[in-house]
Amino acid sequence: MQPGGAEVPRLGLSLAPGSGGDGVVVSNVDPNGVAAEQGLKNGDVIYEVAGKKVASPADVQAALRDARREGKRSVLMRLKSGEAMRYVALRLNRA
């Protein structure tokens with residue numbers, strides 16, 4: 001894992017800081033995880049989680065933690081995959 005990176009095992013993601021503090025890069029996807037089920041790939045850049053802009057892996061973790069605390073069962077992520085911007089709904093595991 002890169003310095004400043006983070007693991008999100010519940011979603012099957014490893015994250016790394018984006019360039020210039022704009023978004024968070026997906027550095028690894030567990031092929032058996034929730035993120036892979038929704039088509040996330042290495043190199044995708046996450047810009048928002050649950051309506052909150054993210055600039056670091058810690059921001060992603062905080063947004064996910066807040067969504068769980070609010071009782072949400074899934075979160076919407078805005079991300080760039082290749083040249084396309086898209087929204088992906090990810091199920092939050094309760095484990």
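The values are calculated or read from the model by the stated rules, or taken from the named source; none is laboratory data. Small disclaimer: the values here were computed from a predicted structure and weren't measured. Glycine also receives a Cβ, built like all others from the backbone with ideal geometry; neighbour counts cover every protein chain displayed.
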Considering only the stretch 4-13, state which residues are closer than 16 Å to LYS80 by Cα and small (Gly, Ala, Ser). none
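Among the candidates ARG94, ARG10, which residue alone is at pLDDT below 95, in a loop (DSSP other than H, G, I, E, B) and surrounded by 15 or more Cβ atoms within 10 Å (Cβ to Cβ)?
Sole residue among the options that is at pLDDT below 95, in a loop (DSSP other than H, G, I, E, B) and surrounded by 15 or more Cβ atoms within 10 Å (Cβ to Cβ): ARG10.
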By residue number, the members of the stretch 22-37 that are among the small types (Gly, Ala, Ser) and either assigned to a strand (DSSP E or B) or touching a Phe, Trp or Tyr at 6+ places or on another chain (Cβ under 9 Å) (or both) are GLY23, SER27
Among (1) out of contact with any Phe, Trp or Tyr (no Cβ under 7 Å at 6 or more places or on another chain); (2) in a strand (DSSP E or B); (3) surrounded by 14 or more Cβ atoms within 10 Å (Cβ to Cβ); (4) basic (Lys, Arg), which single condition is ARG86 missing? (3)
Out of LEU40, LEU64, LEU15, which single residue is assigned to a strand (DSSP E or B), in contact (Cβ under 8 Å) with a residue 40 or more places away in the chain, under 12 Å from the mean Cα position of the chain (by Cα) and crowded, with 19+ Cβ neighbours inside 10 Å? LEU15
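I'm trying to understand the selection: among the residues of the stretch 43-52, which are in contact with a helix residue (DSSP H, G or I) (Cβ under 8 Å, 6 or more places away or on another chain) and either assigned to a strand (DSSP E or B) or under 24 Å from PRO31 (Cβ atoms) (or both)? Reasoning before the result, please.
Just the residues of the stretch 43-52 that are in contact with a helix residue (DSSP H, G or I) (Cβ under 8 Å, 6 or more places away or on another chain), to begin with: 46, 49-50, 52.
Listed by number, the residues that qualify are ILE46, VAL49, LYS52.
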Subset of the stretch 17-34 (residues that are under 20 Å from GLU83 (Cβ atoms) and hydrophobic (A, V, I, L, M, F, W, C)): VAL24, VAL25, VAL26, VAL29
